[in-house]
Structure formats: C-alpha cells, structure tokens
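Read-outs: derived from the displayed coordinates by stated rules, not from any lab. Owing to the predicted nature of the structure, the values given are computational and were not obtained by experimental measurement. Reconstructed Cβ throughout: ideal geometry from the backbone, glycine too, with neighbour counts over all protein chains shown.
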Amino acid sequence: MVKVIITAPKGKMGSLILKEAAGRPSLDVAGALGRPGADYIGTEICGVKVSGDLEQIIDQCDLVIDFSTVENSMAVLRSCVAHGKGLICGTTGFTDEQEAEFRKAAETIPMMRASNTSYMVNVLSKMLELGARALSGLCDIDILDMHDRKKKDAPSGTAKELGDSMAKAARLSPETDITYHSLRAGDISSTHTVFFTGFGERIEVTHRAYNWECFANGACEAARFMEGKGPGSYTMSDVIAGEMAL
Ligand SMILES: NC(=O)C1=CN([C@@H]2O[C@H](COP(=O)(O)OP(=O)(O)OC[C@H]3O[C@@H](n4cnc5c(N)ncnc54)[C@H](O)[C@@H]3O)[C@@H](O)[C@H]2O)C=CC1
Ligand SMILES: O=C(O)C1=N[C@H](C(=O)O)C[C@H](O)C1
C-alpha cells in the first residue's frame with residue numbers, strides 16, 4: 001500500500017483526489033496539506049487530518065500528490081527532495097527553469113510530472129503520434145485548448161504535452177511546426193482539439209472532459225503505479241502501458 005499526502009484539499013482537483021484516494025484500498029492517505037492560515041487547518045476532510053505545514057507531516061508518507069499552484073508546487077518539490085519522498089505533480093504553468101528543476105529532482109526521487117492524468121487523454125496522445133508521423137509535411141498541425149475563465153495558464157499543460165509527443169514522434173519542432181490556440185471562457189471544462197489541416201480535407205480529434213473526475217482517477221492510478229519505484233522520471237505513458245499492452 002502506498003502512503004500518500006495530498007495537497008490542496010479544498011481545491012477543485014485536490015478535493016476530488018482526496019475523496020477518490022480515501023476510498024481506494026491500494027492507497028493510505030496519511031495527511032493533507034492545506035493553505036497555511038486557512039480556517040480548515042487542523043480539521044478533517046474525508047477522515048484525513050489537514051496540516052498547514054508539510055515539514056511536520058512529510059515523513060509519514062512515501063509520496064506526495066500535488067495539484068495546486070506553481071508557487072506551492074515548487075515548495076512541495078523542494079520538500080520532497082529534502083526528505084527523499086516521491087512526487088506526482090499535476091500542476092501546470094511552470095517556466096522552463098522550473099521544469100528543469102523537476103527533471104533534476106528525478107535524479108534523486110521518484111518523480112511523475114503529468115499535465116493530464118486522464119486515461120483517455122493519454123490514449124489520445126498515442127493516437128496523435130500516429131497521425132503526426134503519417135501526416136507531417138502534408139498538413140498544418142494546430143492544437144486548440146478550451147478551459148474555464150479562471151484557468152491561469154495558456155496554452156494548457158496538456159496542449160504542450162500533446163504537442164511535444166507528436167513532435168518527438170514525427171521529428172518536428174514543437175515550437176515552430178505546431179501552432180497553439182487557447183480559449184478561456186465561462187465554465188468550459190477541459191477540451192482539447194488537434195487539427196490536421198490539409199488542402200481540401202481536414203482531421204479534427206477532440207477530447208472533452210465533462211468534469212474533473214477522470215483526472216482524479218488517473219492521479220490515484222498513477223500513485224498505485226509509483227509504489228516501490230526508485231528515483232527516476234515516470235510518465236502517464238508508463239502508467240497506461242500495462243493496460244494498453246503497448
Ligand atoms: N494533471 C491534470 O490532469 C490536471 C491538472 N490540473 C492543474 O492542477 C492545478 C490546480 O487546478 P485546480 O484544482 O483546478 O485549481 P484550484 O484553484 O481549484 O486549486 C488550487 C488550490 O491550491 C491551494 N493552495 C495554494 N497555495 C497552497 C499552499 N501553500 N499549500 C496548500 N495548498 C495551497 C489553494 O488553496 C487551492 O485550493 C492547475 O495547475 C491545473 O492546471 C487541473 C486538472 C487536471
Ligand atoms: O486547469 C484545468 O482544468 C486543467 N488543466 C490541465 C492542463 O493545463 O492541461 C489538465 C486539464 O486540461 C484540466
């Protein structure tokens with residue numbers, strides 16, 4: 001059983017992950033990390049005690065699951081490195097320098113950076129690799145991500161990851177061969193469309209999340225996958241590989 005600490009238990013994602021993880025026999029939720037000073041510090045959510053200080057509780061876990069903010073995630077990353085704990089980070093919007101710090105950390109701790117933990121999105125990524133290999137040079141490739149008006153980052157982390165995996169598969173540049181578009185409006189829930197646009201014809205492939213449960217389920221699957229893993233960089237592609245028999 002993996003012992004986990006879950007951050008942001010009042011956040012949109014953190015609250016769903018905590019609820020899902022608390023009900024899974026494969027996971028033991030050792031604690032939750034809330035925003036310091038918040039009125040819910042010291043209370044229990046889903047039967048889990050909420051602390052405002054990761055240093056006080058981190059030694060009770062094997063792994064931290066963190067879907068919060070860039071600032072908090074960088075602090076969580078540094079604590080995980082200092083205490084030799086694993087980390088699944090689903091937060092998006094990091095700078096290149098911050099991403100490099102995650103890669104460096106993977107030399108000493110088990111690390112999963114995953115901008116999208118939905119099983120379907122990660123299957124979609126495999127389908128798009130095939131599309132990009134078959135169609136590169138014959139068409140334009142564009143990615144449109146649509147999210148609610150409160151989302152902080154654009155393009156989405158998912159758009160960037162899909163672009164990177166297509167570019168790697170088809171030997172393209174993710175910066176110059178793929179074009180990114182973002183719409184932030186109302187309460188749109190995560191929607192990604194990839195367009196392969198030729199002349200006289202076009203392919204559009206879309207993933208629509210109706211709510212955020214697919215990401216919470218995927219985060220818990222990822223935590224189960226991380227059990228017993230040593231230092232290194234792991235991806236959702238590794239998590240789904242067994243199920244897809246890739
Ligand atoms: N990887 C994936 O599949 C997904 C990733 N995300 C990403 O996850 C992140 C969070 O998204 P949401 O839950 O929608 O945002 P949210 O705004 O609902 O939640 C963020 C939470 O972080 C908490 N927080 C801030 N500072 C903190 C601190 N010092 N200690 C503890 N908690 C702190 C806030 O109190 C808030 O509850 C975003 O970067 C988003 O893009 C969102 C959905 C799926
Ligand atoms: O903020 C969100 O909602 C989401 N963020 C992630 C991203 O930036 O790709 C994953 C998903 O799209 C939901």
Reachable lysines from residue 10, criterion Cα separation under 20 angstrom, eight or more residues apart if same chain: 19, 49, 150, 151, 152
What spacing in nm lies between the two simple spin-label points modelled at residue 95 and residue 140, each 7 Å away from Cα in the Cβ direction? 3.2
Taking the Cα atoms only, what angle lies between the long axis of helix 119-135 and the longest principal axis of the chain, rounded to 10 degrees? 30
Note: the stretch 119-210 at 10 °C, 1.306 mPa s; Kirkwood Rh on alpha carbon pairs; Stokes-Einstein D in µm²/s works out to 120
Hey, what angle do you get for helix 157-170 against the long axis of the chain, alpha-carbon based, 0 to 90 degrees rounded to 10? 50
In the neighbourhood of residue 105 defined by beta carbon distances under 10 Å, the net charge of the other residues (Lys, Arg +1; Asp, Glu -1) is +2
Separation of alpha-carbon centers, the stretch 125-191 and the stretch 53-86, rounded to whole Å: 29
Between residue 243 and residue 43, what length comes free when the chain is fully extended (0.36 nm per residue of separation minus the Cα-Cα distance, one decimal in nm)? 68.2 nm
Test of understanding: express the Cα radius of gyration of the chain as a ratio to 2.2 N^0.38 Å, with N the residue count. 1.03
For the chain, what is the mean residue ellipticity at 222 nm derived from helices alone (per DSSP H run of n ≥ 4: -39500 (n - 2.57); sum divided by total residues; nearest 500 deg cm²/dmol)? -11500 deg cm²/dmol
For the residue 175, residue 213 Cβ pair and Förster radius 35 Å, calculated FRET efficiency rounded to 0.05 is 0.60
Using alpha carbons only, how many degrees (0 to 90, rounded to 10) separate the axis of helix 12-22 from the longest principal axis of the chain? 60
Derived scalar couplings ³J(HN,Hα) [the stretch 221-231; Karplus, 6.51 cos²θ - 1.76 cosθ + 1.60; whole Hz; x for Gly, Pro]: 4, 4, 5, 4, 4, 6, 4, x, 6, x, x
Treat every Asp and Glu Cβ in the stretch 1-108 as -1 and every Lys and Arg Cβ as +1, leave all other atoms uncharged, and give the resulting dipole magnitude about the Cα centre to the nearest 20 debye. 320
